[in-house]
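Written below as structure tokens is the structure these notes are about.
The values are calculated or read from the model by the stated rules, or taken from the named source; none is laboratory data. This one's a predicted model, so the numbers in the text were calculated from it and none came from an experiment. FYI the Cβ positions are ideal-geometry reconstructions off the backbone, even for glycines, and counts take in every protein chain you see.
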Amino acid sequence: MDRLCFSRAPVGQSRLRSRRRASAVSELQALSALAACGFADVAIENLGGVPYVSFDATVDRDALAVLSNLSSLYAAFRLYGRGDDAHLVPLPLARLDRWDTDLTLRDGASTSM
């Protein structure tokens, strides 16, 4: 089992940050139960002064699919080490709410900028 973590999309107001952290933990726990992914030891962990939602999981296609589609997810990482020795390795994500870059609009204009 690996230790994973993810950062949430930034939010400016401090009173919303703690609510969003709690909702991210709740969403991860709920999706874990629904998808039978077995995310364990879910917690908020500060790394370099930045809060991350961290958890233990076996990294497989199903776990990455669940993780990729969390509503609060900004980026996901495999976490090696603890405290000052911790370092993060990015995980590949495949969000279902993103369109392929080769899609075009009805008038034929490209969606890429």
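Looking at the range 57-73 only, could you name the residues that are within 15 Å of Asp2 (Cα to Cα) and not polar (S, T, N, Q)? Of everything in the range 57-73, those that are within 15 Å of Asp2 (Cα to Cα) and not polar (S, T, N, Q) turn out to be Ala57, Val59, Asp60, Arg61, Asp62, Ala63, Leu64, Leu67.
Filter the range 1-27 down to the residues that are aliphatic (A, V, I, L, M), at pLDDT 65 or above and part of a helix (DSSP H, G or I), then identify the one that is farthest from the chain's Cα centre (by Cα). Checked the range 1-27; the qualifying residue farthest from the chain's Cα centre (by Cα) is Ala22.
For the range 28-51, give me each residue that is part of a helix (DSSP H, G or I), more than 15 Å from the chain's Cα centre (by Cα) and among the small types (Gly, Ala, Ser). Lay out the reasoning, then the answer.
If we filter the range 28-51 for residues that are part of a helix (DSSP H, G or I), which is where we start, we get 28-35.
Add one more test, that the residue is more than 15 Å from the chain's Cα centre (by Cα), and what stays is 33-35.
Matches in the range 28-51: Ala33, Ala35.
Residue-level analysis places Leu73 outside the set of residues that are modelled with pLDDT under 85, out of contact with any Phe, Trp or Tyr (no Cβ under 9 Å at 6 or more places or on another chain) and crowded, with 18+ Cβ neighbours inside 10 Å. Outside any loop (DSSP other than H, G, I, E, B), of a type in the set (Gly, Ala, Ser) and within 10 Å of Phe6 (Cα to Cα): is that true of Ser54 in this structure? Yes, satisfied.
Candidates in the range 36-59 are the residues that are loosely packed, with under 15 Cβ neighbours inside 10 Å and aliphatic (A, V, I, L, M); of these, the one that is farthest from Arg82 (Cα to Cα) is Ala36.
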